[in-house]
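Heads up, the thing below is written out as structure tokens.
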Amino acid sequence: YSEEELYRPNFHFTPKKAWMNDPNGMFYYNGYYHLYFQYHPESSVWGPMHWGHATSTDMITWNEQPIAIYPDELGTIFSGSAVVDIGNTSGFGKVSKAAPIVAIYTSSKKLEGNDNWKQTQSIAYSHDEGKTFTKYDNNPVIDNSNIKDFRDPKVMWDEERNKWVMVLAAGDKIMFYDSKDLKNWNLLSDFGQGIGGHGGVWECPDLFKLPVLGTEESKWVLFVSINPGGPNGGSATQYFIGDFDGTKFTMDKEFETALNKEHNYWIDFGRDNYAGVSWSNATRKDGSKLILGWMSNWDYAQVVPTETWRSAMTIARKVQLQKNDNGYRLLINPVEELTNYRSTKYKKENIVVKNDTKIIDSKTIDLASAEIQFNISNLKEEGFTFNLTNKQGDTLSFGYNHTDKNFFIDRRKSGKRDFSEKFANHVSIAKRTSISADLKGTIILDKTSIEIFFDNGETVMTEIFFPNAPFNKLSIKPNHQEFVLDNIEANKLNFN
Ligand code: FRU
């Protein structure tokens, strides 16, 4: 491998060259999932933003497309969303042609003589299913006189009230707007001051409705990304559960109480999942939503050891809502489409774990492209630690510490880390919320990332790493007492 390609993931989306951050404008139409992204084609660090573009039939294998939206006189193109305007409410459609795709994004213009930006909201439409966009003549559609951070419009179709609803981040709150035609927007309400995490600026919101599993009830979910102020440092995405009456988002009372007791509502507790939002027009039959995030963190994204390209996206994930004794909680898991890539399988039951016990090496499964499921039915006091290692002496550890009920990922010895003081300065932890004696996990490994879905997706952790050679051995050890690993199943994921 060249240094560059040594770190390029096998199956997570990366741009062929140059800088990428947030996912933008995701929608599904006519058999294709579209992913746009914050893109600076001239450099491997952040700069004047464009919308890059990629398409996929299954959200797993992506084809990069030409840049879809370029900066203009209103500014560079910051994050935003896109909708399929099936009813041609915007009038941008052509009679008897495919539905227009309408992108709603932030125009961000540097002000002369100071470090501030003027951020306004603009729209553009596409007649070729998202390949190319024409900017609307009357941009911006939402002007801004004095709000410093005013960006990342996410628009959804509100079925109950037959209108478009936009959530927009405005520093320390989310503003709600509605529209009949995507061109004229009315301010409805705002939410968030003094609520939830406020360690940094609020960005990239999302709003959608989810059925509560096993009930007739539905609840509204509000995502808010925040940077810094994440549970393990830097960027992360929090969520709120409540109701939306067409005008106002109100937190569920029980949820609010739990939130005030302990702010434990993050879609991912690892350090590398930011700015994630849902696909438009892609609600699954069971009502679940599909999301994906930027697999990096503003704390170090611009200095990670890849020079010609930077950043990957997370694996696409399905979002569901459950209610149990602890109240409402999202369940987030990899999309089922990933299982279509399973090839070689390894399976073992009743492994007695005494000391560091090898489970898999590269002779059984290539750990640089794998999906692993484990189950421990009788969890002992102190928990366990998985170690991913290579011959170069690098180790990535992760597992569960039963004493303090924390899941963890430790990348302090995982390879290159001196590019940033913040990259591997501590072990990332996530409090376990499930009280089940049965602990299950799904682990997705690519060359330079790990995504762990504990307890059916109740707690998720995603982190990146840069080993000196791909990890090729997985072992497990007890934190103290011996225990039985009931079963482990590993699948090599094949993308050829
Ligand atoms: C989030 C963010 C957004 C903004 C974009 C700019 O990572 O800061 O708020 O629109 O990145 O690239």
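What follows is calculated from the coordinates using simple rules that are stated; it is not laboratory data. Remember, it's a predicted structure, so these values are computed and weren't measured experimentally. Because the Cβ atoms are built from the backbone with ideal geometry, glycine has one as well, and the counts that use them run over all protein chains shown.
When the convex hull of the C-alpha atoms of the stretch 131-193 is computed, what volume per residue in Å³ does it have?
Given the Cα convex hull of the stretch 131-193, per-residue volume reads 114 Å³.
Amide H neighbours of residue 234 under 5 Å, at least 5 residues apart or on other chains, H built in the peptide plane: list them.
229
Using only the Cα atoms of the stretch 339-493, what are the Rg and Dmax in Å?
14.7, 41
Name the shape class, rounded, prolate or oblate, that the alpha-carbon gyration tensor gives for the stretch 233-281, where a ≥ b ≥ c are the square roots of its eigenvalues, rounded holds for a/c under 1.5, and otherwise prolate holds if a/b is larger than b/c and oblate otherwise. Mind dumping the intermediate values first?
Working: a/c = 3.08, a/b = 1.20, b/c = 2.56.
It is oblate, given that a/c is not under 1.5 and a/b is not larger than b/c.
First measure r as the distance between the Cβ atoms of residue 356 and residue 42, then evaluate 1/(1 + (r/R0)^6) with R0 = 51 Å and state the FRET efficiency to the nearest 0.05.
Working: r = 47 Å, r/R0 = 0.93.
It comes to 0.60.
Separation between the residue 426 and residue 149 pseudo-spin-labels, each 7 Å from Cα along Cα→Cβ, expressed in nm?
2.0 nm
Using packing as a proxy for protection, rank 309-315, 175-181 so that the peptide with the highest average count of other Cβ atoms within 10 Å comes first.
Descending packing order for the listed peptides: 309-315, 175-181.
Take residue 63 and residue 253, extend 7 Å from each Cα along the Cα→Cβ direction, and tell me the distance between the two endpoints in nm.
Placing both labels 7 Å along Cα→Cβ, they lie 5.4 nm apart.
Whole-Hz ³J(HN,Hα) for each residue in the stretch 465-477, computed from phi via Karplus 6.51 cos²θ - 1.76 cosθ + 1.60 with θ = phi - 60°, x for glycine and proline: what do you get?
Each residue of the stretch 465-477 in turn: 7, 9, x, 6, 7, x, 5, 9, 9, 10, 10, 9, 9 Hz.
Tell me what the chain gives for mean residue ellipticity at 222 nm when only DSSP H runs of n ≥ 4 count, each as -39,500 (n - 2.57), the sum divided by the residue total, rounded to 500 deg cm²/dmol.
Rounded to the nearest 500, the figure is -500 deg cm²/dmol.
Using alpha carbon coordinates only, what is the Rg to Rh ratio of the stretch 99-254, with Rh defined as the Kirkwood radius? Working shown, then result.
On the way: Rg = 16.5 Å, Rh = 16.7 Å.
With Rg and the Kirkwood Rh in hand, the quotient comes to 0.99.
Starting from 0.36 nm per residue, how many nanometres of slack lie between residue 378 and residue 403 once their C-alpha separation is accounted for?
Answer, rounded to one decimal: 7.5 nm.
So how much slack lies between residue 115 and residue 217, counting 0.36 nm per residue of separation and subtracting their Cα-Cα distance, in nm?
This chain segment gains 32.0 nm when fully extended.
Using packing as a proxy for protection, rank 247-254, 167-174, 461-468 so that the peptide with the highest average count of other Cβ atoms within 10 Å comes first.
In descending order of packing, they fall as 461-468, 167-174, 247-254.
For the chain, count all C-alpha to C-alpha pairs, find those more than 29 Å apart, and express that count as a whole percent of the total.
Summing the P(r) tail past 29 Å for the chain gives 48 percent.
Can you give the Rg to Rh ratio of the stretch 364-411, both from alpha-carbon atoms, with Rh computed by the Kirkwood formula? Before the final figure, lay out each step's value.
Numbers: Rg = 12.7 Å, Rh = 12.5 Å.
For the stretch 364-411, the value is 1.02.
Ratio of Rg to Rh for the stretch 1-135, alpha carbon only, Kirkwood?
Result for the stretch 1-135 is an Rg/Rh of 1.01.
At 7 Å along Cα-to-Cβ for each site, give me the label-to-label distance between residue 496 and residue 74 in nm.
4.9 nm
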